[in-house]
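Have a look at the structure below, then the notes.
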Amino acid sequence: MSLRILVVGAGIAGLAAARGLRIAGFRPEVVEALPATVVPGAGIYLPGNASRALRLLGLDVPLRPLGDLIFRQAFLDTRGRDLFEMDAAGLWAGVGESRALSRADLQQVLLTGVGGEVRFETEVRDVQIVDGAAKVEFGTGAVTEYDLVIGADGRRSLIRDKAGLGGPATPTGQIVYRSVVTGGPPLTDWTAVLGRRAAFVAMPMGGRRLYCHADETAPDTPNPEDPKERLRELFGSWGGPVPAILDKIEKVQVARTDEVVLRSWSNGPVVLVGDAAHATAPTLAQGAAMSFEDGWVLGQELRTAAGDIPAALRAYEDRRRPRCTEVRERTRERDRARDVPPSLRDPMLRRRGARIFADHYRALVSPV
């Protein structure tokens, strides 16, 4: 099948889509506005369904030496006392391994999966739908026509806007802090310390490094000028592994999280994948998994439809929307628990936390 396909964005979603298309027999072009020298920082946690999707994409083997496997998730209160634990290995048994690793390492695996054929420093300025095709104007002024354009350009997607699929993402009110720590406490489990409207998560990611992900709900305050100092203000009195980690933190990335909810993910020959279509807060660590699954399903549906792009895009959304909606609803449900006073929430979590939190993933154990 000879279709001219453009993937806009060479992050996780774009590279997953490009890989899914290549497996299905297509040869998409991939463009990225940033230079190749920009390497993603911090780390990432991939639950079992993310590993399964990478296996479908044929990328599980190069992933195996990277990062650390996560077998257990431990939840603590702010004094460092046990709330409950989840058997991550048991939850995802028969699905895939859970793993924490460097985002840069994951990016390299994904780049390898598309043969490194990415045109970096290539900006898309506009997309127009004309006679069933998509005319793309690049930053140079050049205009090229494509049979299909895949918007994988994230929460603040230009493609989403130009294709008339939706406006700006909706802020969740959360500020997220990410850091990689070397020489911190010797954690072997994914470990979360839960407070009210704030949480601190740390996990081993290989090479004696810890990936740390902290957040606070602060919808009406600006991002802190000194994120490292803000972490100390928020979490300096907390127990568990938090004090030892704070002592070792050097660099902190800070960002606000958004949610994207759309009536449709496609318009004519333009379709969205990943965060551009269905971003959520990162509470369930499902952003990458949903992007991997999107890429696999889109490729399969395009191959099945034998070049009938409208039929393929309808089938892709029909398969993916219920699953992504489930992730959004379970994310919102877990985030609402943040507003419950710990004096009420923590006793309930000690009794039923493992079952409640595991239930948030039950639907994702089923095949893609």
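The values are calculated or read from the model by the stated rules, or taken from the named source; none is laboratory data. As the structure is a prediction and not an experimental result, all values here were calculated from the model. Using ideal geometry, Cβ is built from the backbone for each residue, glycine included, and neighbour counts are taken over all protein chains shown.
Computed quantities for the displayed model
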| item | result |
| --- | --- |
| Residues being touching an Asp or Glu at 6+ places or on another chain (Cβ under 6 Å) and farther than 23 Å from Val180 by Cα - total across segment 49-107 | 3 |
| Segment 29-54 - residue that is in a loop (DSSP other than H, G, I, E, B) and modelled with pLDDT of 95 or more and, of those, nearest to Phe357 (Cα to Cα) | Pro47 |
| Residue count for segment 273-295, restricted to those that are out of contact with any Asp or Glu (no Cβ under 9 Å at 6 or more places or on another chain), of a type outside the set (Asp, Glu) and buried (at least 24 other Cβ atoms within 10 Å of the Cβ) | 5 |
| Among the residues listed as Asp68, Asp105, the single one being closer than 18 Å to Leu54 by Cα, in contact with a Pro (Cβ under 6 Å, 6 or more places away or on another chain) and in contact (Cβ under 8 Å) with a residue 12 or more places away in the chain | Asp68 |
| Gly115 being surrounded by 12 or more Cβ atoms within 10 Å (Cβ to Cβ) and at pLDDT below 95 | yes |
| Identity of the residue in segment 69-92, buried (at least 19 other Cβ atoms within 10 Å of the Cβ), of a type outside the set (Gly, Ala, Ser) and out of contact with any Leu (no Cβ under 7 Å at 6 or more places or on another chain), that ends up nearest to Ala198 (Cα to Cα) | Thr78 |
| Residue among Val31, Val95, Val8 that is surrounded by 17 or more Cβ atoms within 10 Å (Cβ to Cβ), closer than 24 Å to Leu284 by Cα and β-branched (Val, Ile, Thr) | Val95 |
| Filtered residue count, segment 201-253, keeping only those that are of a type in the set (S, T, N, Q), over 21 Å from Ile44 (Cβ atoms) and touching a strand residue (DSSP E or B) at 6+ places or on another chain (Cβ under 6 Å) | 2 |
| Helices (runs of 4 or more DSSP H) contained entirely in segment 234-306, each with at least 1 residues that are more than 29 Å from Ile23 (Cα to Cα) and either among the hydrophobic types (A, V, I, L, M, F, W, C) or at pLDDT below 95 (or both) | 242-248 |
| Of residues in segment 118-136 being part of a strand (DSSP E or B) and in contact with an Asp or Glu (Cβ under 6 Å, 6 or more places away or on another chain), the one modelled with the lowest pLDDT | Ala133 |
